[in-house]
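Each remark here refers to the structure printed beneath this line.
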Amino acid sequence: MPVRRLPAGLGGPPALASALRDAQYIASDDLATATFLALSLQKPLLLEGAPGVGKTEGAKALASIMGRELVRLQCYEGIDASAAMYEWNFPRQMLAIRQAGDDYVNLYSDEFLIARPILQALEQPSDRVLLIDEIDRADHEFEAFLLEFLSDFTLSIPERGTMRAVEPPIVVLTSNRTRELHEALRRRCVYHWIDYPDPALEASIVMMRASTVAHDTAHKVVAAVGQLREQPLAKPPGVAETVEWAEAATLLHQQGATWPRAFARAIGVVLKDQDDLEFIAPQVDALLERVAS
Ligand SMILES: Nc1ncnc2c1ncn2[C@@H]1O[C@H](COP(=O)(O)OP(=O)(O)O)[C@@H](O)[C@H]1O
Ligand SMILES: [Mg+2]
């Protein structure tokens, strides 16, 4: 099995975790290990987890520490291969034909080729990280197409022939698990489930991302968010919401609001769904008292 040599200073899970932290991303040991293995074994890394647990941010931080450009393919319902691979610039082709008159024009030269993320990654695999974000939003057909690409990193352009990456690109896939991904796709990847961070880790994230927030406040917010995540909410808060809640409450506290009023009043940054707000409203004071004690 061919093994990728990682840049100096990234040669193991602890070194990777430390570099990621310098890039403002705190990875658990398990995530650092999965990332290390995916990079070394030259396999795509598949990150699955609830919205807001740090999947996209993890891919960005990885690109940053590898000194590479992140090429992001955001998936959506109905996404097709041309949005992912390449398109021919039809208006420019038409213009070229008109301008050429009787002369010959090669309509399939680079000039007319618009590279989308997959082709971009394939053309310069050593300079880029390909992020295929929220693959669960795409349909099964698109997933099958991706599987083909991820099997041999080739792309067939009928007018040009088959293009092959000179080395396997670094690929990160994410899924919010709104549906099961195909078994074959998962088998192709190194898989890691990102859970909500444990309280200590989430408090570190809050303090790293929101420098104005006091240590004690960070821990209280993390505990309160932990309680919210145990409720049957439509949109449980992600890590970004924890950070924002801590910041917002700190701001209100500076304006004179007392704990836990500051947190209760800032609830709109953590719950953004009307039904969730209505459900939580009657118990918010009790919940906050609980974590304060
Ligand atoms: N491990 C982490 N380290 C640092 N920041 C994090 C971490 N996890 C989440 N965040 C913060 O939470 C935000 C949301 O994360 P994001 O990657 O967008 O979630 P996802 O893609 O899983 O929905 C990020 O912008 C970042 O500020
Ligand atoms: Mg995301």
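The values are calculated or read from the model by the stated rules, or taken from the named source; none is laboratory data. Being a predicted model, the structure only gives us computed values, none of them experimental. Cβ sites come from the backbone with ideal geometry, for glycine too, and all protein chains shown count toward neighbours. Each accessible area value is taken on the protein alone, full model and side chains, heavy atoms only, with ligands, DNA and RNA left out. Shrake-Rupley method; radii C 1.70, N 1.55, O 1.52, S 1.80 Å.
Hey, what angle do you get for helix 215-229 against the long axis of the chain, alpha-carbon based, 0 to 90 degrees rounded to 10? It works out to around 70 degrees. The share of Cα pairs per 10 Å bin across the range 199-292, counted from zero up to the longest distance, runs 18, 56, 25, 1 percent. Taking every Cα-Cα distance in the range 96-170 and sorting them into 5 Å bins starting at zero, the pair-distance distribution P(r) comes out as 3, 13, 20, 20, 16, 11, 6, 6, 4, 1 percent.
When only Cα pairs below 8 angstrom with a gap of at least 6 residues are kept, the chain shows a relative contact order of 20 percent. Between I157 and Q231, the modelled labels are 5.3 nm apart [label points 7 Å from Cα along Cα→Cβ]. Of the GluC sites (Glu not before Pro) found in the range 24-131, those that fall in a DSSP loop while having at most 10 other beta-carbon atoms within 10 Å are E77. Within the accessible surface of the range 1-76, defined with a 1.4 Å probe on protein heavy atoms only, the carbon and sulfur portion equals 54 percent. Springs join every pair of Cα atoms under 10 Å in this Gaussian network model of the chain, and among R92, R229, R261 the largest mean-square fluctuation is at R92. Counting only the Cα atoms, the chain fills a convex hull of 168 Å³ per residue.
Let me test this: with uniform point scatterers at the alpha carbons of the range 51-149, what is the Debye-based log₁₀ I(q)/I(0) at q = 0.15 1/Å? Treating every Cα as an identical point scatterer, log10 I(q)/I(0) equals -0.72.
If I compute solvent accessible area with a 1.4 Å probe over the protein chains, what percent of it on the range 199-292 is carbon and sulfur? Whole-percent figure for carbon plus sulfur exposure: 54. Placing +1 on the Cβ of every Lys and Arg and -1 on the Cβ of every Asp and Glu, with no other charges, gives the chain a dipole of roughly 660 debye about its Cα centre.
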